[in-house]
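Chemist: A single structure is presented below for examination.
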Amino acid sequence: MKSKKIILWPAADEVYILAMYLNRCGTVKGYEGFTVSCPTRWLQDAQRTEAVMQKLRATYAWKNCHISLVVGGEDLIWKQVSLPVKQKEQAGQLSCWELDTKEENIGYTYDVMRISEADTAGMYTWILGAYPENRIYSLCVSLQQQKNKVDAVDALPCCLARQAGGHTGTVYLHEGHTLHAAYIRGGVPLTYGTMRELPAGGRALLQERGQSEQDDFILWFDEETQVWQTNPLFTWEERCRAYGLSFPVGVLTR
């Protein structure tokens, strides 16, 4: 008997949904993707968030489902920090002081990942990822009705890095009205943020292929070859074609 796992990416303008169908051994047997448009600034308002989640639960009849959340966009803080500790628990305690936020009254849910050994000064490099706590709370409370369970919260740069494998370069993902960019090396997203426009090389490639900067797209700039490419390194492209998934939904596949 197949079971279903839901991966949900609540973005600024849409919610991207990936349903993964698994066999008894936990192997993925198929995918189904959906995109749902959302009201303006829906994530910033708990009532709007609940209204969107209620609509999704009713439309897709989610009950007893295992759900993973993916967070990204301009509200995701993603930065490298240097800390004099090697253990994750200690790094987590120290990293909260590294959160440089514009609004002091916003609390954050955060996690850390060590990406280096100690340098000559005894400092370790960590990636700090943080997202507004109240939004995580609102999403989880709403989703965990009807006996659903939110198993994990993932970050969009990690999803992008998994698709890039061991390659080094920058991936640009455009969805809705947002352009995401992540620099990836050895499977690790070292930087992430949103941008106003593509670099000139990316714009030229889109024009060459007859695409608009307003379309959903993914571009890759390879650091080794210094060449702009349209998705040749990403195995998810085949899955997108096979299962009729949009690029933003396809990023969620594994």
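Each value in this text was obtained by applying a stated rule to the coordinates, not by laboratory testing. Computed from a predicted model, the values in this text were never measured in an experiment. Reconstructed Cβ throughout: ideal geometry from the backbone, glycine too, with neighbour counts over all protein chains shown.
Chemist: What are the residues whose amide H is under 5 Å from the amide H of V150, where those residues sit 5 or more places off or on another chain and H is modelled from the backbone?
Modeler: Long-range HN contacts for V150: I67.
Chemist: Measure up K4/K88; K29/K55; K88/K149; K5/K55; K4/K149; K63/K88 against 23 Å on the Cα-Cα distance and list the ones that go over.
Modeler: Going by Cα-Cα distance, K4/K88; K29/K55; K88/K149; K63/K88 fall outside the 23 Å limit.
Chemist: Still on this model: Of the options C240, T120, G202, report the single residue whose Cα projects farthest towards the positive end of the charge dipole of the chain (beta-carbon charges: Lys, Arg +1; Asp, Glu -1).
Modeler: Final value for the positive-end residue is C240.
Chemist: Also, quick follow-up: Treating the beta-carbon of each Lys and Arg as +1 and of each Asp and Glu as -1, no other charges, what is the dipole magnitude of the stretch 199-254 about its Cα centre, to the nearest 20 debye?
Modeler: 220 debye
Chemist: Taking amide hydrogens as modeled 1.01 Å from N in the peptide plane, which residues meet the under 5 Å criterion relative to E175, leaving out close sequence neighbours?
Modeler: H180
Chemist: Can you give me the distance in nm between label points at M123 and Q87, each placed 7 Å from the Cα along the Cα-to-Cβ direction?
Modeler: 2.3 nm
Chemist: Can you give the alpha-carbon Rg of the stretch 184-254 over 2.2 N^0.38 Å, where N counts its residues?
Modeler: 1.16
Chemist: May I pose another question? Hey, which aspartates and glutamates would be in cross-link range of K79, C-alpha to C-alpha under 17 Å, not counting anything within fewer than 8 residues on its own chain?
Modeler: Reachable aspartates and glutamates: E98, D100, D111, D154.
Chemist: When a/c is below 1.5 the answer is rounded, else prolate if a/b is larger than b/c, else oblate, so apply that to the stretch 1-124 with a ≥ b ≥ c taken from the square roots of the Cα gyration tensor eigenvalues.
Modeler: oblate
Chemist: Would the chain count as rounded, prolate or oblate if I go by the C-alpha gyration tensor, calling it rounded below 1.5 in a/c and otherwise prolate when a/b exceeds b/c, oblate otherwise?
Modeler: Here the chain falls in the rounded category.
Chemist: Further, regarding this structure: Relative to the Cα centre, what is the charge dipole magnitude of the stretch 159-234, using +1 at the beta carbon of each Lys and Arg, -1 at the beta carbon of each Asp and Glu, and rounding to the nearest 20 debye?
Modeler: The dipole magnitude comes to about 160 debye.
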